[in-house]
1. If I filter the stretch 264-292 down to residues being crowded, with 20+ Cβ neighbours inside 10 Å and out of contact with any strand residue (DSSP E or B) (no Cβ under 7 Å at 6 or more places or on another chain), which single residue comes out as nearest to residue 243 (Cα to Cα)?
2. Please count how many residues of the stretch 395-443 are within 20 Å of the chain's Cα centre (by Cα) and either in a loop (DSSP other than H, G, I, E, B) or at positive phi (or both).
3. Going through the stretch 352-375 one residue at a time, which ones are more than 17 Å from residue 414 (Cβ to Cβ) and touching a residue at least 60 places away in the same chain (Cβ under 8 Å)?
4. Would you say residue 169 is modelled with pLDDT of 95 or more, assigned to a loop (DSSP other than H, G, I, E, B) and crowded, with 21+ Cβ neighbours inside 10 Å?
5. Which residue out of 184, 217 is surrounded by 20 or more Cβ atoms within 10 Å (Cβ to Cβ) and either at pLDDT below 95 or in a helix (DSSP H, G or I) (or both)?
6. Could you check the stretch 463-483 and list, in sequence order, the residues that are in contact with a helix residue (DSSP H, G or I) (Cβ under 8 Å, 6 or more places away or on another chain) and part of a loop (DSSP other than H, G, I, E, B)?
7. Scan the stretch 314-330 for residues that are crowded, with 20+ Cβ neighbours inside 10 Å and either out of contact with any strand residue (DSSP E or B) (no Cβ under 6 Å at 6 or more places or on another chain) or within 15 Å of residue 278 (Cβ to Cβ) (or both) and jot them down.
8. Quick check on residue 248: is it touching a residue at least 40 places away in the same chain (Cβ under 8 Å), crowded, with 24+ Cβ neighbours inside 10 Å and in contact with a strand residue (DSSP E or B) (Cβ under 8 Å, 6 or more places away or on another chain)?
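The values are calculated or read from the model by the stated rules, or taken from the named source; none is laboratory data. This is a predicted model, so every value here is computed, not measured. Here the Cβ positions follow ideal geometry from the backbone for every residue, glycine too, while neighbour counts run over all protein chains shown.
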């Protein structure tokens, strides 16, 4: 047996030496094809820039099963197929040239497969051939006020609940025969909520959704933790709240290291004792990840995270200063999510087992979130607290994604604004995640210049958002393109490149000058 194996290995070596081009052509095409198919299986169609961001960001804390599954399909499977093919072709010398033909035939298919896994190639074109005109978009539309210049009238408490992948479409009968968000839908009916909330470019994954709702800016390649800093040139919501005396807290049940999230906190208003994640939980409760594990290896389940948030709110409410608590859930994370023990949601006619399983994940998340909102409403601090509920982004690749893709233009992010400092009119509005940055601040009493922050426009200002002015397609087209200005001003923190803010009076003066010139 040993002799036979040795002979086969010698045959393979000889075959590779005789047909190196064919062997490497076939092997390269095989690995590339398996890589593309694995990307499609786990992530669907992904933005080029999103993929580049994750490659450059810390991956510590990512779901171990996702990593192992990816390695099996993208590396081990093609390696096995490659070895089997070498054994076969080396056993039949007359077929030697056939492998090169197969490799040449497979390459176009492999290249197309990988190409189709990604979108947003305009970014790469802009990177290779910079267009300075695109920088004018950020120069024209971005507002970066000085933190010290922002005044507060009343300083209300703020609670922001980011719901992983829980888009409003789950409660829309256009997509499903059953409302999968019955309780949150009831909260939406009783409180302010924008129905046309679109997902703009650069906001479609968790940290991007958080960053865009804090800064009013998309998250772009290179914006991760560079030298321990995260977008140092940007003014974010926590910066402004901390500067105005707020006690901050961020609570999640997953790793703080993944995508450099802890550096985001430390760079923008938080101190090290003001955020809770899997690492801080396991320091005091080392057995919780085993006892209360959530979806795969991401972290602890949401019922535990909600309890941690409640405990934090009770502690913050005892401090004689306003507070802001941000919380992120994880039970609904793709691909399969997690259902709390004992939960059974409504049966949906026509769903197979996988579809029903993820429907249970959604209805369970709906119930947990609604219970948390009800709990807050019963607390002593409720009257002086504004609560904002947001999707972090639209759902990615799950069993229910095909239903949502049938009407992709109708998909919207979930949002609810409860008990703001003054009434909020949302009828007929159209927004993106950027607009929550200024809206969040003005909901608790801040007064922003022209109601703007980043690319966002406060819903309290009465001014049109970029979605309303430009439309979603035009806005996304502008955001997709590469911008050196964004890198210099917001990632590298070169303040000299920032457009000086133009006041309303100065704008009127400029308009008058333009009229004179025209005459």
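1. Result: 268.
2. The total comes to 10.
3. 375
4. Spelling it out, it is not the case that residue 169 is modelled with pLDDT of 95 or more, assigned to a loop (DSSP other than H, G, I, E, B) and crowded, with 21+ Cβ neighbours inside 10 Å.
5. On the way: 217 fails: either at pLDDT below 95 or in a helix (DSSP H, G or I) (or both).
Checking each option against the conditions leaves just 184.
6. The answer is 463, 465, 481, 482, 483.
7. 327, 328, 329, 330
8. Here the answer is no, as residue 248 does not meet what is asked.
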